[in-house]
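S.K.: If you scroll down you'll find the structure; I have some questions about it.
The values are calculated or read from the model by the stated rules, or taken from the named source; none is laboratory data. Computed from a predicted structure; not experimentally measured. We place every Cβ from the backbone using ideal geometry, glycine too, and count neighbours over all the protein chains shown. All accessible areas refer to the heavy atoms of the entire protein, side chains included, with ligands and DNA or RNA removed. Shrake-Rupley method; radii C 1.70, N 1.55, O 1.52, S 1.80 Å.
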Amino acid sequence: MTKIADDLRPDASIPTLQEARQFEWSTALAKQRGIYGFDSRDVRSRPFNMLRSRLLKLHRNKGWRLFGIVSATPGVGKSFIATNLSAALSRTPGIDTTLIDLDLRRGSIASNFGIPVERGMRDYLEGTVPALFDLAMHPEGERLVILPTDNAAARSAELLSSSRMDAVIAAMRARPANSMFLCDLPPVFANDDATIVTTKLDAFIMIVEEGRTTRKQIQDALHVLDQAPCAGVVLNRFDGGLLTDNYGYGYGAGYSDYYNK
């Protein structure tokens, strides 16, 4: 059994863009993988640009920089939104953006970008990887740093409660004020991981799906996470929203007509 390496001295410094390993990327590849946030000219990026504006406002007014992306239950598009929102945020001049996959049991950020994970956040928290520099990657031509994890069984609650995780949080807060972090977290009711992490962050965003997430699930999830501020609730896959495919966001079909003219 792997020991949680609280007794080691980890290097929890957050890698900069220059220190992250680059992987092949292009606008066409981004679209193929359903990542629209890098291209503000694409109508599908608009919901993420609006969410980005919300986070930037909270950053200016409250100084919040560490955000968790959570959902009550699986399969509502949480990681899709975390991926696209981080892409949109990375396009903001003067802002350094880091996307961290803390869904240690079912990580999907690496899969969204199509990158293999040899070593990830789970390995770092277990102590088998000495530094976060060994994990960091960034898509070619973009200003986004990614700290991925794999999709494997893990004693996630213990890892996320460890001193190594606390060191990561401290390293985030030690970065300059123009650094912002998005943490993709497990669903609230999957285990207690999201509850553990959100208390360490500045705020969280709750992702819900029309016709799938119930009112009670939302209320119960917000109650479970009541020790951390909620920065907003996102209604995903809204029928009749901005887009005509499965990713509508509730801004009205008229916007699509406006952008297509």
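S.K.: State all residues of segment 177-188 that are in contact with a strand residue (DSSP E or B) (Cβ under 9 Å, 6 or more places away or on another chain), among the hydrophobic types (A, V, I, L, M, F, W, C) and modelled with pLDDT of 95 or more; if no residue qualifies, say none.
M.R.: Met180, Phe181, Leu182, Cys183, Leu185
S.K.: Right, next: Between a first residue in segment 174-198 that is over 30 Å from Gly94 (Cα atoms) and a second residue that is outside any loop (DSSP other than H, G, I, E, B) and among the basic types (Lys, Arg), which pairs have beta carbons less than 9 Å apart while being 6 or more apart in sequence or on different chains?
M.R.: Short answer, once both residue conditions are applied: Pro187/Lys78.
S.K.: Here's another thing I want to ask about it. Can you pull out the residues in segment 124-176 that are at pLDDT 95 or above, open to solvent by 30 Å² or more (accessible area, probe 1.4 Å), of a type in the set (D, E, K, R) and in a loop (DSSP other than H, G, I, E, B)?
M.R.: Within segment 124-176, Glu140, Arg143, Arg175 qualify.
S.K.: Can you name every residue in segment 87-106 that is open to solvent by 10 Å² or more (accessible area, probe 1.4 Å) and closer than 21 Å to Arg119 by Cα?
M.R.: Asp103, Arg105, Arg106
S.K.: Of all residues in segment 177-194, count the ones that are under 18 Å from Leu125 (Cα atoms) and open to solvent by 40 Å² or more (accessible area, probe 1.4 Å).
M.R.: The qualifying residues number 1.
S.K.: Of the residues that sit in segment 112-123 and are more than 13 Å from the chain's Cα centre (by Cα) and not in a loop (DSSP other than H, G, I, E, B), which one is surrounded by the fewest Cβ atoms within 10 Å (Cβ to Cβ)?
M.R.: Out of the qualifying residues, it is Asp123.
S.K.: Output the strands (runs of 3 or more DSSP E) that fall wholly within segment 1-101 and possess 3 or more residues being under 20 Å from Arg175 (Cα atoms), or say none.
M.R.: By residue number, 66-71, 96-101.
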